[in-house]
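To keep things clear, I will list the structure first and then write my remarks on it.
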Amino acid sequence: MQITDRQKEDQLTPILRQAFRPLFLLGAGFSALAILLWGLTLAGKISLPVYGNSIFWHSHEMLFGFVVAIVLGFLLTAVQNWTGLRAPHGNTLLILCVLWAAARLCFLFGSQLPWWLVVAVDISLLPVAAFLFGRMVLKVKQTRNLFFIPILLLLTVCNLQMHYGLHFQHYNMQLLGAYNTVFLVTILMAIIGGRVMPMFTANGTMTAKVQPILWLERIALMSLWFIFVVHFLNLHIHLPNSVMAFLFAVAALAAGIRGARWKIWVTWRVPLLWSLHIAYWFIPIGMALFALHYAGFQLTQSIAMHALTVGAMGGMILSMIARVSLGHSGRPLQPKLIMSGAFLLVILAVLMRVLLTWLVPEMTGQWLMFSTLTWVLAYGIYVVVYFNVLTTPRADGNPG
């Protein structure tokens, strides 16, 4: 007797039916664990047997362990809606998760492993994911979403830059790879934000959708691309600080005007909206802080960078996975009240990590501890609240 598609779906473990299920759960859970371990390391309570050193481990794993897991979970789920084809699931999805997990274990316990083995395991995930994504997009000739493929491959190159810098003790190259990754993910957030935030806001508040202004969209995105290219080619070390300040100021202004047009003030009654809007605003804030740094203000690049990583990435990721997890599991877009607390905890984490360490630097150690605690609580709440959502069949009985 022939097995129907529905029977095949029912035979699948629910967590392997869509990419967002395991990758959101793994990414969020890992971020809480990794930040907890990082906080304990900073406090001198533990010493991790990590590959490389603890600073490299922290920066690399929050980008290529946490952020990449969420990015792939989002893209490999969305591509099914975009193309109408079945996205990676079952054993294919399991292999992706095993690749991700193997790399995390190599980094956490790999102090004695040969460097080439760690690199080989680590860099394999993104090209495999790019192939799976690209195969679906190319099959239906959906050129609009082809740009995600080079972004995934550029992320692989950034990863290799970090590995090269570590292995050959070239700290500037290691830092360059991390910064390139952050700027590239910032571009991705700006692109996706521009696609979904006006629509989400209109639908969630029953207001008119804000239509994009073409020249503003081009300036906002091209300025971010230009900053990435300048850093990717290591040209920023040859340009005057005044030029770099101007580039970041343009990016901050364009991103800010763009965000203001999306009317954050109409979103306050909808947690899935105000959390997303506030997170987006840390993109222009981060760009402005970089501009101030290059303009000569007493402000480190690390503070500006953490506005993008903790504020924009941390906030936008938590808001998006809270929404996507509900929508793609057949549930109403009404998160539990405690998730509003989680969104606020991430905002508190970035304010302590960025604002308070800048304004009250003599208490930096305390701010870092409080910031790590609020992050762990925020993402821990997501894991607990959404565990059942991600590991059980869709509430509406549909496949996926």
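None of the figures in this text is laboratory data; all of them are computed from the coordinates on show. Since we're looking at a predicted model, the values are computed, not measured. Cβ placement follows ideal geometry from the backbone for every residue including glycine, while neighbour counts extend to all protein chains displayed.
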Original post:
Which distance in Å, rounded to a whole number, links the C-alpha centroids of the stretch 157-176 and the stretch 324-339?
Top reply: 39 Å
**OP:** Return, ordered by residue number, the residues of the stretch 73-91 whose backbone nitrogen is under 18 Å from a label point located 7 Å along Cα→Cβ of V98.
**Re:** 88-91
Subject >> D (Stokes-Einstein, µm²/s), Kirkwood Cα radius, the stretch 249-384, 1.306 mPa s at 10 °C >> reply: 102 µm²/s
**OP:** With θ set to phi - 60°, apply the Karplus curve 6.51 cos²θ - 1.76 cosθ + 1.60 along the stretch 333-342 and write out the HN-Hα couplings as whole Hz, x wherever there is a Gly or Pro.
**Re:** 7, 9, x, 5, 4, 5, 5, 4, x, 5
**OP:** Would you kindly derive the ³J(HN,Hα) couplings of the stretch 319-328 from the backbone phi angles with the Karplus curve 6.51 cos²θ - 1.76 cosθ + 1.60 (θ = phi - 60°), listing them in order in whole Hz, with x for Gly and Pro?
**Re:** 5, 5, 6, 5, 6, 4, 4, 6, x, 7
**OP:** Once you have a ≥ b ≥ c as the square roots of the Cα gyration tensor eigenvalues for the stretch 67-196, tell me rounded if a/c is under 1.5, and otherwise prolate or oblate according to whether a/b is larger than b/c.
**Re:** oblate
Subject >> Sites matching trypsin sites (Lys or Arg not before Pro) across the stretch 321-382 that sit in DSSP coil, with at most 11 neighbouring C-beta atoms within 10 Å >> reply: none
Original post:
Out of residues 5 or more away from S111 or on other chains, whose amide H comes under 5 Å of its own, with H placed 1.01 Å from N in the peptide plane?
Top reply: Y51
Original post:
In the stretch 179-195, which residues have a backbone nitrogen under 20 Å from the label point lying 7 Å from L235's Cα in the Cα-to-Cβ direction?
Top reply: 179-188
Original post:
With springs only between Cα atoms under 10 Å, which of P150, P284, P22 fluctuates most in a Gaussian network model of the chain?
Top reply: P150
Subject >> FRET E, pair T300, Q11, Förster distance 60 Å, beta-carbon r, rounded to 0.05 >> reply: 0.65
Original post:
Under unit Cβ charges (Lys, Arg +1; Asp, Glu -1), what dipole magnitude, rounded to 20 debye, does the chain have relative to its Cα centre?
Top reply: 1020 debye
Original post:
Put a dot 7 Å past each Cα toward the Cβ at R218 and L42; how far apart are the dots in nm?
Top reply: 4.3 nm
**OP:** Return the single residue from T207, T181, T156 with maximal mean-square fluctuation; model: Gaussian network over the chain, springs between Cα atoms under 10 Å.
**Re:** T207
Subject >> the stretch 131-270 - Rg (one decimal) and Dmax (whole number), Cα, Å >> reply: 17.9, 55
**OP:** DSSP loop (so not H, G, I, E, B), at most 15 other Cβ within 10 Å: list which trypsin sites (Lys or Arg not before Pro) in the stretch 190-276 pass both filters.
**Re:** K209, R269
Subject >> Listed residues F131, L63, G330: farthest to the positive end of the dipole of the stretch 12-391 (Cβ charges) >> reply: G330
Subject >> Whole-Hz ³J(HN,Hα) from phi, Karplus 6.51 cos²θ - 1.76 cosθ + 1.60, for the stretch 270-281, glycine and proline x >> reply: 10, x, 5, 9, 5, 5, 5, 5, 4, 4, 4, 5
Original post:
For the modelled label position 7 Å from the Cα of W225 along Cα-to-Cβ, which residues of the stretch 139-171 have backbone nitrogen atoms closer than 15 Å?
Top reply: 144-152, 154
Original post:
Using the beta-carbon distance between L333 and I257 and R0 = 35 Å, what value does 1/(1 + (r/R0)^6) give for FRET efficiency, to the nearest 0.05?
Top reply: 0.80
